[in-house]
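Peer 1: I am attaching a structure below and will ask some questions about it afterwards.
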Amino acid sequence: MQRHFQRDLEQLKANVVKMGSIVEQNLSDALDAVLKQNADIAKKVITSDGKVNSFEIEIDNGVVDLLALQQPVATDLRLILAIQKINNDLERIGDHAVNIAESALGLIESPQSEPLLEIPSMAIIAKEMFQQALDSFIHLNPQQAQLVLESDDRIDTLNREMVSEVIKLIKTDQRSAEGYLQLLRISRNLERIADLTTNIAEEVIFHTQARVVKHHAEEEKQK
């Protein structure tokens, strides 16, 4: 029975990794669609989201089966609970990648003369964070997960700068307002992706160290 349980748990983890790989590719493609103004790549991301949704359902069902039939405890229980939350976070990141792809299409239809502002920098950080978070889950590496947490503030700062810059640009060039608003939507989606990626890293730390870092719990304890 224990052998079957471990096999099913490993399969569940493998499915999360597969789902994460699809989401990672979709995020990369969505950002390429923005940076290269490529409608075909954007449409590919939108179509691919169905694979992400299918994996979410399969993983969710697997989690329910293991919890109901095996009644796991300790480390195994923490891993299953982490998988359940990461599964949800990955699906939502996939949705934000679709939002970015849709905004890429909007930019193509409403081109503006200004550059992409902070978007290229945010794209690099977001992709790096997601790759680190996924790798930390694959290898169950809390040190790598901690690096993800330390990057989140950079995205928040750039998003705030985007808002300020876009407001100024719209005031001086209202004819390009729609294009600027698309940039702002992309920025907000990247900020949310960073938050969800941070959630994944927090779950890795919780599973491997039984340590809660969500909402900066450690900082609160030290006050």
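Peer 1: With r defined as the distance between the Cβ atoms of A74 and H4 and R0 fixed at 22 Å, what FRET efficiency is calculated, to the nearest 0.05? Write out the running numbers ahead of the final one.
Peer 2: Numbers: r = 18 Å, r/R0 = 0.83.
With a Förster radius of 22 Å, E is 0.75.
Peer 1: Hey, another quick one. For segment 38-128, what D do you get in µm² per second when you plug the Kirkwood radius from alpha-carbon pairs into Stokes-Einstein at 25 °C and 0.890 mPa s? Could the numbers behind the result be given before it?
Peer 2: Numbers: Rh = 15.7 Å.
Answer, rounded: 156 µm²/s.
Peer 1: What span do the alpha-carbon atoms of segment 130-169 cover on each of the three principal axes, reported in whole Å from largest to smallest?
Peer 2: The principal-axis extents, from largest down, are 45, 13, 6 Å.
Peer 1: Right, another one. Strictly over 19 Å apart at the Cα level, which of K18/K85; K13/K214; K13/K127 would you flag in this model? Present the calculation step by step, with values, prior to reporting the outcome.
Peer 2: Numbers: K18/K85 16 Å; K13/K214 22 Å; K13/K127 21 Å.
Result: K13/K214; K13/K127 exceed 19 Å.
Peer 1: Say the dipole of the chain comes from +1 at the beta carbon of Lys and Arg and -1 at that of Asp and Glu; which of L105, V17, G62 then lies farthest toward its positive end?
Peer 2: Farthest along the dipole direction, towards plus: G62.
Peer 1: Let me ask another. Reported to two decimal places, what Rg/Rh ratio describes the chain when computed on Cα atoms with Rh from the Kirkwood expression? List each step's numbers first, then the result.
Peer 2: Values: Rg = 19.2 Å, Rh = 18.4 Å.
Looking at the chain, the ratio lands at 1.04.
Each value in this text was obtained by applying a stated rule to the coordinates, not by laboratory testing. Computed from a prediction, not measured in an experiment: that's the story for all the values here. When we count neighbours, we look across all protein chains shown, and the Cβ atoms used for this are built from the backbone with ideal geometry, even at glycine.
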